[in-house]
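Here is the structure we will look at.
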Amino acid sequence: MLYFTSDYTEGAHPKVLEKLCAENLVSLPGYGEDAACQAAKDKIRAACGGEDLQICFLTGGTQTNLVVISSLLRRHEAVLAARTGHISVHEAGAIEYTGHKVIELEARDGKLSAATLEAWLQRFYADDSHEHMPFPGMVYISHPTEYGTLYTRAELQALSALCHRYEMPLYLDGARLGYALAARDTDVDLETLVACCDVFYIGGTKVGALCGEALVFTHRNMPPHFVTLIKQQGALLAKGRLLGMQFDALFTDGLYWEIGRHAVELAMELKAAFLEKGYPLYVDSPTNQQFVILNREQKDRLSREAVFSFWEQLDPEHTVVRFATSWATRPEDVQALIALL
């Protein structure tokens, strides 16, 4: 079978495993207070161009979203997100479980626009009864979005300015950030995120690590006792070295960008083949996720030899599916899939 289900179905990039094995017997303090975590933080700060960035490591995306959102919001506040956002759809109500409502806003191709956000905020504060509603306390976006689309620098700047005007933090989910940074023609880099976001995370789980996300607070705005808050919610890894070592490897010699480029280049080959062979794209994604509309015959035929993800049922005869590439995708598997088309 050819596997294009997701970008975390394999283990970890060999260089990450080499790092873990090389220092396996070194005795280090726990809970992220070790030299490996410090080295990784220093490399991330250098890559982001900010010496004052506050960084910590968590094990997964849902844990990171839950801890960040519940820690930054006051008890009466809600988080605003695109209707298709990960916290809205694919996190099993984790945010609501902490007592905070996710308010869904309309989005285009997975992206939340400043215009949509501003219109909602104006309606909220114009309502005389808004004191009886959950207050907007922060804005959540992801880059790439759930549909593999990207924000531009101007779009992020507009969202950032609006959030600051309304005194709400802008939080960016970077679970697949490596593929966004590697996309052709993007004008968003890590320094852009530092300038526009109050907090964001650099995804490792989906970009070559066994597990782990690097959370970055950009304006020395990490909540007080944040490590305690992480532990209180069951997200503090005793063997924090495992996360630090992985990010140390990912941010050595440009490995994180190399992984992103590899996956995106292969995804673009797939995209070109889909278009050449007449398969309609559901959305124009410049990243490692490609969303294709298959009819019943195509879906049944391809699924006999390839594994891909169901995304949504377009109509009784057509399904939107996702093909994802990663660090582990082999060029020969891409060519084999293209031959099946």
**Fill in**
Over the range 118-139, the set of residues without any contact (Cβ under 8 Å) to a residue 12 or more places away in the chain and assigned to a loop (DSSP other than H, G, I, E, B) is 127, 128, 129, 133
**Message:** Suppose we filter 247, 308, 323 for residues that are surrounded by fewer than 22 Cβ atoms within 10 Å (Cβ to Cβ) and touching a residue at least 24 places away in the same chain (Cβ under 8 Å); which single one remains?
**Reply:** 308
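Residue by residue, here is whether (1) touching a residue at least 24 places away in the same chain (Cβ under 8 Å); (2) surrounded by fewer than 23 Cβ atoms within 10 Å (Cβ to Cβ) holds:
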{"site": "52", "(1), (2)": "yes, yes"}
{"site": "58", "(1), (2)": "yes, no"}
{"site": "108", "(1), (2)": "no, yes"}
{"site": "116", "(1), (2)": "no, yes"}
{"site": "141", "(1), (2)": "yes, no"}
**Message:** It is to be established whether one or more residues within the range 274-286 are modelled with pLDDT of 95 or more, in a helix (DSSP H, G or I) and under 26 Å from the mean Cα position of the chain (by Cα).
**Reply:** yes
**Request:** Answer yes or no: is there a residue in the range 327-334 that is touching a residue at least 60 places away in the same chain (Cβ under 8 Å), closer than 30 Å to residue 213 by Cα and of a type in the set (Gly, Ala, Ser).
**Result:** yes
**Asked** Given (1) over 23 Å from residue 89 (Cβ atoms); (2) of a type outside the set (Lys, Arg); (3) surrounded by 13 or more Cβ atoms within 10 Å (Cβ to Cβ); (4) more than 20 Å from the chain's Cα centre (by Cα), where does residue 189 come up short, assuming only one miss?
**Response** (4)
**Message:** Restricting to the range 202-216, and then to whatever is among the hydrophobic types (A, V, I, L, M, F, W, C) and either part of a strand (DSSP E or B) or crowded, with 21+ Cβ neighbours inside 10 Å (or both), can you tell me which residue is nearest to the chain's Cα centre (by Cα)?
**Reply:** 202
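I'd like to verify a number: residues in the range 326-341 that are surrounded by 11 or more Cβ atoms within 10 Å (Cβ to Cβ), of a type in the set (D, E, K, R) and assigned to a helix (DSSP H, G or I), how many? Quick ask: steps written out before the conclusion?
So in the range 326-341, the residues surrounded by 11 or more Cβ atoms within 10 Å (Cβ to Cβ) come out as 326-331, 333-338, 340-341.
Next, from what is left, pick out any that are of a type in the set (D, E, K, R): 330, 333.
Keeping just the survivors that are assigned to a helix (DSSP H, G or I) gives 333.
Number of matching residues: 1.
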**Message:** Take the residues in the range 217-244 that are among the basic types (Lys, Arg) and assigned to a loop (DSSP other than H, G, I, E, B); name whichever of them is surrounded by the fewest Cβ atoms within 10 Å (Cβ to Cβ).
**Reply:** 220
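The values are calculated or read from the model by the stated rules, or taken from the named source; none is laboratory data. Please read these numbers as outputs of a predicted model, since none were measured by experiment. Methodologically, a virtual Cβ is constructed for each residue, glycine included, from the backbone with ideal geometry; neighbour enumeration extends over all protein chains shown.
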